[in-house]
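The values are calculated or read from the model by the stated rules, or taken from the named source; none is laboratory data. None of these values were measured; they are calculated from a predicted model. Here the Cβ positions follow ideal geometry from the backbone for every residue, glycine too, while neighbour counts run over all protein chains shown.
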Amino acid sequence: MKRKSLLKHCCNLVMTLAVLFLASCSGGDQVKLAVGDLSPDFLIEDLNGSSIRLADLSNHPVVLRFFVTDCKFCRADTGVFNDYYRKHHNQGLEVLYITTTVDREQVKKFVEELQIPFPVAIDYNRQVSQVYNIKIEPQTIVLDPSHRIMGAILGGVTEKELDEMLGRFWSASAPAEAGRTEEAAPAPAPANTLDQLPPDARCPVCGMFVAKYDVWVTRLEIGPGIYRDFDGVKDLMAYYYDPVAYGGKTKEKGGRIWVKDYYSLKWLDGRQASYVVGSDVHGPMGHELIPFSTRAGAESFMADHHGRQILSFAEITPELVEELRGGDRMKDGGK
């Protein structure tokens, strides 16, 4: 198809960045934004004269697409955004096109020709573009429902790339799949929810700030009301097998383990979950064990994301954990 051909020839620096080279300006200061950071709020007016404030879209995943009307790549993949919006808007998705093209009639023609169903706004004086340090169009910023930054895509965009970041939210609201009957035992949410985690809480294995990665956070109970929090299953298992190496005082294996189903983000009993290893989906620390409440969910994910195998909790070995971690170790929380 012509549209696919254009996309293939895009200067496709398509990537989900571990660290986004974005900037938020406040006075004379410039603050770098990273994946997991809260997106700065902004106010902009769409072509119909309606004011759009990002904060008013709370609890909705948001896709921000920065474009210019004379960019053929911006035109080529707009159909992808149109289709994705129509498919998932009823499940909460919001899409906002933002352009620095100041010719209003030119922008209206762009919208009419491509039959864009979501709001389009002109960024006069580049006020919003400067918030995200947009230097080249097209560029797409993807925000989760809490408006934390999930990733950035520079260049053309495909439905698969959007699904890799946002697909878990649609699965959470979709009807249960036929045959998905072997649910892992649901685990009551830990006494301390993620929202109550102090922002400076660190993973004892890698030293990263856990609260930034709510999609990946896992928890190990080491005593009544005492927990260790991690930025993924991989680091939890490293601690589980050798807590003393990371500041633990005893073999802390007896307590409950909580992980989150990748699609629904619901807490699960980690000992009952199924895990996909070797997929093309990476966590904050790279290769990761991806947890699911059902075997069927794990099989579907493995097919879509080129997973190597599905494991039970008991089949996760210290050797596999070290392989996934590349042999890197940070003793005592990186101190």
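Among the residues of segment 237-266 satisfying the criterion of being within 23 Å of Asp37 (Cβ to Cβ) and of a type outside the set (Ser, Thr, Tyr), which is modelled with the highest pLDDT?
Lys260
For the condition more than 27 Å from Lys212 (Cα to Cα) and touching a helix residue (DSSP H, G or I) at 6+ places or on another chain (Cβ under 9 Å), what is the one hit in Ile98, Ile122?
From the options Ile98, Ile122, the qualifying one is Ile122.
Please verify whether Lys109 is farther than 30 Å from Phe209 by Cα, more than 26 Å from the chain's Cα centre (by Cα) and of a type outside the set (Asp, Glu), treating the condition exactly as stated.
Spelling it out, Lys109 is indeed farther than 30 Å from Phe209 by Cα, more than 26 Å from the chain's Cα centre (by Cα) and of a type outside the set (Asp, Glu).
I'd like the full set of residues that are acidic (Asp, Glu) and modelled with pLDDT under 90, limited to segment 25-55.
Passing the criteria: Asp29, Asp37.
Restricting segment 147-200 to residues that are of a type in the set (Val, Ile, Thr) and in a loop (DSSP other than H, G, I, E, B), which is modelled with the lowest pLDDT?
Filtering segment 147-200 for residues that are of a type in the set (Val, Ile, Thr) and in a loop (DSSP other than H, G, I, E, B), the one modelled with the lowest pLDDT comes out as Thr181.
Restricting to segment 74-120, name every residue that is of a type in the set (Phe, Trp, Tyr) and assigned to a helix (DSSP H, G or I).
Of everything in segment 74-120, those that are of a type in the set (Phe, Trp, Tyr) and assigned to a helix (DSSP H, G or I) turn out to be Phe81, Tyr84, Tyr85, Phe110.
Of a type outside the set (S, T, N, Q) and surrounded by fewer than 20 Cβ atoms within 10 Å (Cβ to Cβ), is that true of Asp83?
Criteria met by Asp83.
For segment 121-133, how many residues meet the condition of being in contact (Cβ under 8 Å) with a residue 24 or more places away in the chain and not in a loop (DSSP other than H, G, I, E, B)?
Going through segment 121-133 one residue at a time, the tally reaches 8.
Given the conditions (1) part of a strand (DSSP E or B); (2) modelled with pLDDT of 90 or more; (3) over 20 Å from Ser300 (Cα atoms), and given that Tyr275 satisfies all but one, which numbered condition is not satisfied?
Tallying (1) part of a strand (DSSP E or B); (2) modelled with pLDDT of 90 or more; (3) over 20 Å from Ser300 (Cα atoms), Tyr275 fails exactly one: (3).
Please indicate, with yes or no, whether at least one residue in segment 98-121 is surrounded by fewer than 19 Cβ atoms within 10 Å (Cβ to Cβ), outside the structural domain of His306 (by TED's automatic domain parsing), of a type in the set (D, E, K, R) and at pLDDT below 90.
Among the residues of segment 98-121, not one is surrounded by fewer than 19 Cβ atoms within 10 Å (Cβ to Cβ), outside the structural domain of His306 (by TED's automatic domain parsing), of a type in the set (D, E, K, R) and at pLDDT below 90, which makes the answer no.
Exactly one of these conditions fails for Gly223: (1) in contact (Cβ under 8 Å) with a residue 60 or more places away in the chain; (2) farther than 24 Å from Leu162 by Cα. Give me its number.
Single failed check for Gly223: (1).
Of (1) modelled with pLDDT of 90 or more; (2) more than 22 Å from the chain's Cα centre (by Cα); (3) surrounded by 19 or more Cβ atoms within 10 Å (Cβ to Cβ), Thr140 satisfies all except one. Which?
(2)
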